[in-house]
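Shown next, in structure tokens, is the structure this report addresses.
The values are calculated or read from the model by the stated rules, or taken from the named source; none is laboratory data. Not measured: the values here are computed from a predicted model. With ideal geometry, Cβ positions are generated from the backbone for all residues, glycine too; neighbour counts draw on all protein chains shown.
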Ligand code: PLP
């Protein structure tokens, strides 16, 4: 047998893209249909209606054939005008990237400094908005689940801070790694534009992205002046009303999206969110047992979808990932930006079960050993104890 043959399934334990379930793959693999025919119109109507249940909105959700970055850009170019000030919060790498994108397209973003270990500080946002007496800031943009750090922020608190400051700025939220994995309520939380992607909680391959819109966002787009063509909400909404798209849509991914929505609603969103929270708690139990810190330093803000594990000084996180790949056929997320080689990220989102999670934890524990990283054994037992609700005591006894 060749060295490159790795029997058994690959463990794709990234915080996205995630594993696509067979039922969804089958739908995607079905023959491509006419995107201007009646069968496609029925599909469009169904997915546009269904995706609203995932965002918890009665307003429109735009679906683009693009990665999440496209939907980031779409949110900004539709609602804003050249030179507009935008307030952002530095939760980590993805907040920084969104900020860079805003600057590149001619906006004036201001990034409130964060430590890459904590959630958005809604009070700091409120304080900055109160200083902005002339209302130069047109939008507040925050990342719900910062995928580089494993920290989740309270979006409703940001809305309350904007309202308490009496400021008219739009609220934009990046849900790329939280959508369909972490509770999100577009209408109830008063978000104006939400940005999503297909390749994480929705369990689809990369290639679809989303903008969920409030009425205020749609009104802002009527007078905003950023140049836009491909991303134009107005053209998309007009075509969608007739059951179509203004250009060739990602037909096969939309066939998969129909199944994704079905599967999520069959399990029930609350059950999906609870499953993610349990997996995250079990993962943290393992990390604590090994004797490592999580990148998230705020116990109230741990992400349900991923855990970023800090390696001790002088230990390469990438060496652990390399061993996980070579010996365990498992992909773990790498450290991004300033966390390069400092953390590895464990994805526990999408289509996974408890045995899959435990296999992941056991694989990482093995990789730590192969990489010669000093750690306490018993992470897998700690995860089992957390999943079965027996806490850490039994696992500690076994040491
Ligand atoms: N925002 C967050 C929170 C992400 O995790 C990602 C990608 O991982 C993006 C935005 C960018 O999305 P994409 O890579 O699909 O363009």
- Item | Residues satisfying the stated conditions in segment 341-350, i.e. at negative phi and either in contact with a helix residue (DSSP H, G or I) (Cβ under 8 Å, 6 or more places away or on another chain) or at pLDDT below 95 (or both) | 342, 343, 344, 346, 348, 349
- Task: Give, as residue ranges, the strands (runs of 3 or more DSSP E) completely inside segment 282-377 that count at least 2 residues that are surrounded by fewer than 24 Cβ atoms within 10 Å (Cβ to Cβ).
- Result: 330-334
- Query: Going by the structure shown, is residue 79 in contact (Cβ under 8 Å) with a residue 24 or more places away in the chain and away from the ligand (no atom under 15 Å from the Cβ)?
  - Reply: yes
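Residues checked against (1) crowded, with 20+ Cβ neighbours inside 10 Å; (2) part of a helix (DSSP H, G or I); (3) out of contact with any helix residue (DSSP H, G or I) (no Cβ under 8 Å at 6 or more places or on another chain):
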residue: 210; (1), (2), (3): yes, no, no
residue: 217; (1), (2), (3): yes, yes, no
residue: 228; (1), (2), (3): no, no, no
residue: 234; (1), (2), (3): no, yes, no
residue: 238; (1), (2), (3): no, yes, yes
residue: 244; (1), (2), (3): no, no, no
residue: 255; (1), (2), (3): yes, yes, no
residue: 260; (1), (2), (3): yes, yes, no
residue: 276; (1), (2), (3): yes, yes, yes
- Query: In segment 99-124, how many are in contact with a helix residue (DSSP H, G or I) (Cβ under 7 Å, 6 or more places away or on another chain) and either more than 16 Å from the ligand (Cβ to nearest atom) or within 30 Å of residue 293 (Cα to Cα) (or both)?
  - Reply: 7
- Query: Does residue 262 fit the bill of being closer than 30 Å to residue 379 by Cβ, modelled with pLDDT of 95 or more and more than 19 Å from the chain's Cα centre (by Cα)?
  - Reply: no
- Message: Return the residues of segment 269-283 that are without any contact (Cβ under 8 Å) to a residue 24 or more places away in the chain and over 19 Å from the mean Cα position of the chain (by Cα); say none if nothing qualifies.
- Response: none
- Tell me, which residue of segment 48-61 that is crowded, with 20+ Cβ neighbours inside 10 Å and touching a helix residue (DSSP H, G or I) at 6+ places or on another chain (Cβ under 7 Å) is farthest from residue 197 (Cα to Cα)? 60
- Which of the residues spanning segment 82-98 are within 11 Å of the ligand (Cβ to nearest atom) and touching a helix residue (DSSP H, G or I) at 6+ places or on another chain (Cβ under 6 Å)? 93, 98
- In segment 125-184, which residue that is on the phi > 0 side of the Ramachandran plot and either touching a helix residue (DSSP H, G or I) at 6+ places or on another chain (Cβ under 7 Å) or touching a residue at least 60 places away in the same chain (Cβ under 8 Å) (or both) is nearest to the ligand (Cβ to nearest atom)? 150
